[in-house]
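Novice: Okay, handing you the structure first.
Rule-based calculations on the coordinates, nothing more; no lab input. These figures come from a predicted structure and were not determined experimentally. Neighbour counts run over all protein chains shown; Cβ positions are idealised from the backbone, glycine included.
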Amino acid sequence: MSGQQRQSLSFANLVAGVRQRTAGAINVVTENVTAPRAPAAYPSHSDTLTAGEWNRAATANNRVEYSVEPAS
């Protein structure tokens, strides 16, 4: 799925509202964080890997980060 398809309707409405209220002065950009930047490494696939092990890493990596940058 694309990034837009993974966004909740509430988040998409928030982003649209920010753009509308600021007349485009604030732009919201989303990105998918790749594994090397994730705080917890996902376990390697193996025959003994459990859902719990995978879910522990996923829980640690499930977060929202934001940064503010000046307009270009």
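Novice: Work out from phi, with θ = phi - 60° and the Karplus expression 6.51 cos²θ - 1.76 cosθ + 1.60, the ³J(HN,Hα) of each residue of the range 48-58, listed in order in whole Hz, and give x for Gly and Pro.
Specialist: In residue order, the calculated couplings are 9, 5, 9, 4, x, 4, 5, 5, 4, 5, 4 Hz.
Novice: Okay, next question. For labels at Ala51 and Val64 in the simple 7 Å Cα→Cβ model, what's the distance in nm?
Specialist: 2.7
Novice: Let me ask something else. Calculate the FRET efficiency for Val28 and Ser8 from the Cβ-Cβ distance with a Förster distance of 22 Å, rounded to the nearest 0.05.
Specialist: Details: r = 14 Å, r/R0 = 0.63.
Given R0 = 22 Å and the Cβ-Cβ separation, E is 0.95.
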